[in-house]
1. With a point put 7 Å past each Cα toward its Cβ, work out how far Arg197 is from Ala143 in nm, to one decimal.
2. For region 178-236 and region 68-136, what is the centre-to-centre distance using only Cα atoms, to the nearest Å?
3. If you roll a 1.4 Å probe over the heavy atoms of the protein chains, what accessible area per residue do you get for the chain, in Å²?
4. Could you rank Ile51, Ile63 by how accessible they are, 1.4 Å probe, largest area first?
5. Among Gly203, Gly264, Gly88, which residue has its Cα furthest toward the positive end of the charge dipole of the chain, with +1 on Lys/Arg Cβ and -1 on Asp/Glu Cβ?
6. Please compute the modelled spin-label separation between His152 and Lys2, points set 7 Å along Cα→Cβ, answer in nm with one decimal.
7. I'd like the Karplus ³J(HN,Hα) series for region 108-125: coefficients 6.51, -1.76, 1.60, θ = phi - 60°, whole numbers in Hz, and an x wherever there's a Gly or Pro.
8. For Ala246 and Asp126, what does the FRET efficiency come to when R0 = 25 Å and r is the distance between their Cβ atoms, rounded to the nearest 0.05?
Amino acid sequence: MKSILITGAAGGIGRALRAGLTGVYPLLRLTDIRPITDHTAGEECVTADLIDFAAVKAFMSGIDCAVHLGGVPKEGPWDAILNHNIAGAYNVFEAARQCGVERVIFASSNHVIGYYRVGKTVGIDDPQRPDSRYGVSKVFGEALGRLYVDKHGMSVACLRIGSFRERPQNARQLATWVSPRDLTQLVRRCIDAPHYRFLVLYGVLNNTRSRWRNPHAALVGYAPLDNAEDYAAELPASASHSGDPAIAFHGGEFCALEFSGDIGSID
Ligand code: 15L
């Protein structure tokens, strides 16, 4: 892979990836709805809205591997999720197909499986249980990936990213934290790995308290270096309110947002 595209490159994950990928590949094309003006040698910057298919197709031209981070990074109003995450993801996959892009790495999220109880370890074959409109948009993106692999022979990796932070900030993140250097390693492994069809990987560390099985990690050679446990002593102990959706389920606060269901009936 020689020409790499990052959508959503001005965001937090985008900036970290940019730092780790610049100079590694002959071309790194960065795109975002916000202008990026400080490009260096080997980087190209394109300001574009993912809703604009012609613009997406233009920045996709000549790319070998697209890393799709763009969109709303948390729960949001339906219009925003529909446009930026759902239509945006469609435009990225479809433009990639039309431009002959070999591989797409899709930034999915742990919120596709948010409504599993924290006592259950979740793998990649468990049915998705999104916890938000945002989570639904990531389920949609993963389904698009599967479609473009089966129908068009594309190579796709979906990364169910956990809590991307410099360091874990609360008890939940002792299970869900992913550090900038390890997420960068995961993306590089997914770019560089020899041909694969469809992978689903948790973007998480080997956290001692991890709740996610990550069988495809070994396939791409992802070997995380950090472990949230190193910070456990600095963080308050986890509360045990089984009646609080923010604590009972994998998705944390996203599960509690707008919640009006019956927590006891969620198995
Ligand atoms: C995500 O997918 C979000 O983008 C981020 O804002 C965090 O909330 C993270 O998940 C998480 O679960 O901690």
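1. 2.0
2. Using only Cα atoms to place each centre, the spacing works out to 18 Å.
3. With all protein chains present, the chain gives 44 Å² per residue.
4. Ranked list, largest accessible area first: Ile51, Ile63.
5. The Cα lying farthest towards the positive end belongs to Gly203.
6. 2.2
7. With the stated coefficients, region 108-125 comes to 8, 8, 4, 6, 6, 10, x, 8, 7, 5, 4, x, 9, 7, 10, x, 9, 9 Hz.
8. 0.75
The values are calculated or read from the model by the stated rules, or taken from the named source; none is laboratory data. Just so we're clear, the structure is a prediction, and the values are computed from it rather than from any experiment. Glycine also receives a Cβ, built like all others from the backbone with ideal geometry; neighbour counts cover every protein chain displayed. Only protein heavy atoms, including side chains, enter the accessible area calculation; ligands, DNA and RNA are left aside. Shrake-Rupley method; radii C 1.70, N 1.55, O 1.52, S 1.80 Å.
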